[in-house]
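I have placed the structure first, in the form of structure tokens, so that the comments after it can refer back to it.
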Amino acid sequence: MATEKIRTRFAPSPTGYLHIGGLRTALYGFLFAKKGGGDFILRIEDTDTARYVDGSVQIIYDTLRDSGIIYDEGPDVGGNYGPYVQSERKQIYIDYAKKLVELGGAYYCFCTPERIESLRDDAGNLRYDKHCLKLSKEEIEKRIASGEPYVIRQNVPEHGTGTYHDLVYGDISVDYKDIEDGILLKSDGMPTYNFANVIDDHLMGITHVIRGTEYLSSTPKYNLMYDAFGWERPVYIHLPPIMKDAQHKLSKRNGDASYEDFVKKGYVKESIVNYIALLGWSPKSNTEKMNLSELIENFSLEGINKSPAIFDETKMKWLSGEYIKAMTFEEFKECALPFLKDSKAYGKYDQDKLLAVAKGRVQIFSEIPSKVDFLEEFAEFDLALFENQKQKSSVELAKNILPQIKETLSAVTEWTNSNLFNALVELAAKLEIKKQALLWVMRVAITGKESTAGGATEVADILGKEETLKRIDFTAELLNK
Ligand code: GLU
């Protein structure tokens, strides 16, 4: 094993959008393969036609690409182990199912649905009774030749225990008496997941199988097949569940958000991937903010936790904010612009100035409108806002100094944040009042708000000279009413 090239795979079923748990499985497979210089493969498991949702394969491709989880082989990129879509591998499964029958690991079953139903016990449980295992070779051949429908079932030993070592959960043992002779090949020739995953993982040279804990107890039955075929078992790594809270699993069935939803909500993409990586894995160092290449560098299977991970959106939001802080203005602008368009202020003021006010004040892009909308909400307001003991501001002060603020601002020819600021600081000195008091008065006068993203001169700069002076007149009139 030591010199073998690592090959991992992500094997989603196209049943809707790619949920967070699925993306985490993909990410760990990718990180582990890339860290070890191996290959990461995408395989579409679409044999359950009843659960197939149109368009979901495309969502899988798009999500993986968009999040940077690039697969080396897959349906749309090709590779030497294709086809990578299970429905295109039907004949392979049929051939291997027949081979497994010859090897004694499976058998033909002709039981009708009615007969199967009659096996249900009083508690409602149904378990196949190996009835068809007793059929002679001749009889089987005769019935197949006559066109009778059949399935192929796994022949699970009636006694004994299946044991294997999982890299996260340790030694796992399951009594064979607790495993049913499940269907491997359905009457329409389609394999079940239980069969196809074994055949494909072997034929595609998968060395490490990384998937959710829901497969922990089924793995002994897969091992029976590896053993029957004489194939080497892969290394197993089962991942802890991701919970919404202590009781509930995060699940797409409950409508919990997907990667796409979080992107739409305005999370920085890298922060979503970064946060998902931390759901069930702890890095050795205390650094939590890691981009994809840092994740590859730091990832290790030893860091995968057994206990369920709780999805904490507040933490992901914090991480997103950290990524925004680290962005250059141009990077921020590229991602933020579509969100700024939802703001009332969009199109009315200089775009870059609006974005500069928002950057550093938002954790996710969708918060941008709420940071700049105030610019367009100026209307009659409660004059009590001028009262602020801490800033040494009052209605009285506002009345007194607003005319002088106007005069000072009118004289500013080059209307920039710093020119405005310097002029007002000078005025405060002249009036012998604290500059905070003056700036408080000014900001309330031109916004009518107790708090705003951006200080007085920053806001005035965005509003422009004409609008600023107009607002000061409006407020002066309010004060003198
Ligand atoms: N198609 C299975 C699923 O979506 C894959 C499980 C596995 O990785 O083996 O759950």
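State the number of residues belonging to the stretch 440-462 that are free of Cβ contacts under 8 Å to residues at least 40 places away in the same chain and within 18 Å of Ala384 (Cβ to Cβ).
Just the residues of the stretch 440-462 that are free of Cβ contacts under 8 Å to residues at least 40 places away in the same chain, to begin with: 442-443, 451, 455-456.
Those left that are additionally within 18 Å of Ala384 (Cβ to Cβ): 442-443, 451.
Going through the stretch 440-462 one residue at a time, the tally reaches 3.
Would you call Val268 over 30 Å from Gly82 (Cα atoms) and modelled with pLDDT of 95 or more?
yes
Please tell me if Trp440 is at pLDDT 95 or above, surrounded by 14 or more Cβ atoms within 10 Å (Cβ to Cβ) and outside any helix (DSSP H, G or I). Give the derivation first.
Values: at pLDDT 95 or above: yes; surrounded by 14 or more Cβ atoms within 10 Å (Cβ to Cβ): yes; outside any helix (DSSP H, G or I): no.
So Trp440 does not fit the description; no.
Can you pull out every residue in the stretch 162-181 that is free of Cβ contacts under 8 Å to residues at least 40 places away in the same chain, in contact with a strand residue (DSSP E or B) (Cβ under 8 Å, 6 or more places away or on another chain) and open to solvent by less than 70 Å² (accessible area, probe 1.4 Å)?
Residue satisfying the conditions is Asp175 alone.
Considering (1) surrounded by 12 or more Cβ atoms within 10 Å (Cβ to Cβ); (2) farther than 28 Å from Glu141 by Cβ, say which one Tyr108 fails and leave the rest.
Just one mismatch for Tyr108, condition (2).
Has the stretch 120-127 got at least one residue that is in contact with a Lys or Arg (Cβ under 8 Å, 6 or more places away or on another chain) and either in contact (Cβ under 8 Å) with a residue 12 or more places away in the chain or within 16 Å of the ligand (Cβ to nearest atom) (or both)?
no
Can Val53 be described as modelled with pLDDT under 95, more than 15 Å from the chain's Cα centre (by Cα) and within 16 Å of the ligand (Cβ to nearest atom)?
Values: modelled with pLDDT under 95: yes; more than 15 Å from the chain's Cα centre (by Cα): yes; within 16 Å of the ligand (Cβ to nearest atom): yes.
Yes; evaluated as a whole, the condition is true for this residue.
Name the single residue, out of those in the stretch 6-25 being over 19 Å from Ile276 (Cα atoms) and polar (S, T, N, Q), that is most open to solvent (accessible area, probe 1.4 Å).
Here the residue is Ser13.
Taking the stretch 371-411 on its own, how many of its residues are surrounded by 14 or more Cβ atoms within 10 Å (Cβ to Cβ), touching a residue at least 24 places away in the same chain (Cβ under 8 Å), part of a helix (DSSP H, G or I) and among the hydroxyl-bearing types (Ser, Thr, Tyr)?
Of the residues in that region, 0 qualify.
Test Tyr222 against the criterion of being farther than 30 Å from Phe110 by Cβ, open to solvent by less than 20 Å² (accessible area, probe 1.4 Å), hydroxyl-bearing (Ser, Thr, Tyr) and within 13 Å of the ligand (Cβ to nearest atom), and give yes or no.
Working: farther than 30 Å from Phe110 by Cβ: no; open to solvent by less than 20 Å² (accessible area, probe 1.4 Å): yes; hydroxyl-bearing (Ser, Thr, Tyr): yes; within 13 Å of the ligand (Cβ to nearest atom): yes.
Here the answer is no, as Tyr222 does not meet what is asked.
Just checking, how many residues over the stretch 91-105 are of a type in the set (A, V, I, L, M) and closer than 11 Å to Ala228 by Cβ? Steps first, answer last, please.
In the first step, residues of the stretch 91-105 are kept if they are of a type in the set (A, V, I, L, M); the result is 92, 94, 97, 100-101, 103.
After this cut, where a residue has to be closer than 11 Å to Ala228 by Cβ as well, the list is 100-101, 103.
Result for the stretch 91-105: 3.
Go through the stretch 26-39 and report how many residues are surrounded by fewer than 24 Cβ atoms within 10 Å (Cβ to Cβ) and within 13 Å of the ligand (Cβ to nearest atom).
Filtering the stretch 26-39 down to residues surrounded by fewer than 24 Cβ atoms within 10 Å (Cβ to Cβ) leaves 32, 34-39.
Among the residues that remain, those that are also within 13 Å of the ligand (Cβ to nearest atom) are: none.
So the answer is 0.
Is it the case that the stretch 73-85 has a residue that's surrounded by fewer than 23 Cβ atoms within 10 Å (Cβ to Cβ), more than 21 Å from Tyr215 (Cβ to Cβ), in contact with a Pro (Cβ under 8 Å, 6 or more places away or on another chain) and at pLDDT 95 or above?
Within the stretch 73-85, one or more residues are surrounded by fewer than 23 Cβ atoms within 10 Å (Cβ to Cβ), more than 21 Å from Tyr215 (Cβ to Cβ), in contact with a Pro (Cβ under 8 Å, 6 or more places away or on another chain) and at pLDDT 95 or above.
Scan the strands (runs of 3 or more DSSP E) fully inside the stretch 137-189 and keep the ones with 1 or more residues being touching a helix residue (DSSP H, G or I) at 6+ places or on another chain (Cβ under 8 Å) and under 30 Å from Gln91 (Cβ atoms). Walk me through it before giving the result.
On the way: elements: 151-154, 161-166, 170-175, 183-185.
Because the criterion is at least 1 residues that are touching a helix residue (DSSP H, G or I) at 6+ places or on another chain (Cβ under 8 Å) and under 30 Å from Gln91 (Cβ atoms), the strands (runs of 3 or more DSSP E) in the stretch 137-189 that meet it are 151-154, 161-166, 183-185.
Do you know which of the residues in the stretch 197-210 that are under 27 Å from the mean Cα position of the chain (by Cα) and open to solvent by less than 10 Å² (accessible area, probe 1.4 Å) is nearest to the ligand (Cβ to nearest atom)? Can you show your working first?
First, the residues of the stretch 197-210 that are under 27 Å from the mean Cα position of the chain (by Cα): 197, 200-201, 204, 206-210.
Narrowing the set further to residues that are open to solvent by less than 10 Å² (accessible area, probe 1.4 Å) leaves 197, 200-201, 204, 207, 209-210.
On the way: Asn197: 5, Asp200: 9, Asp201: 8, Met204: 12, Thr207: 14, Val209: 6, Ile210: 7 Å.
Per the criteria, the residue is Asn197.
Table: residues versus (1) of a type in the set (A, V, I, L, M, F, W, C); (2) within 13 Å of the ligand (Cβ to nearest atom); (3) more than 18 Å from the chain's Cα centre (by Cα).
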| site | (1), (2), (3) |
| --- | --- |
| Thr8 | no, yes, yes |
| Gly16 | no, yes, no |
| Arg24 | no, yes, no |
| Leu42 | yes, yes, no |
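The values are calculated or read from the model by the stated rules, or taken from the named source; none is laboratory data. Note that the structure is a prediction, hence the values are computed from the model and not measured. In this analysis, Cβ positions are derived from the backbone assuming ideal geometry, glycine residues included, and neighbour counts consider all displayed protein chains. Only protein heavy atoms, including side chains, enter the accessible area calculation; ligands, DNA and RNA are left aside. Shrake-Rupley method; radii C 1.70, N 1.55, O 1.52, S 1.80 Å.
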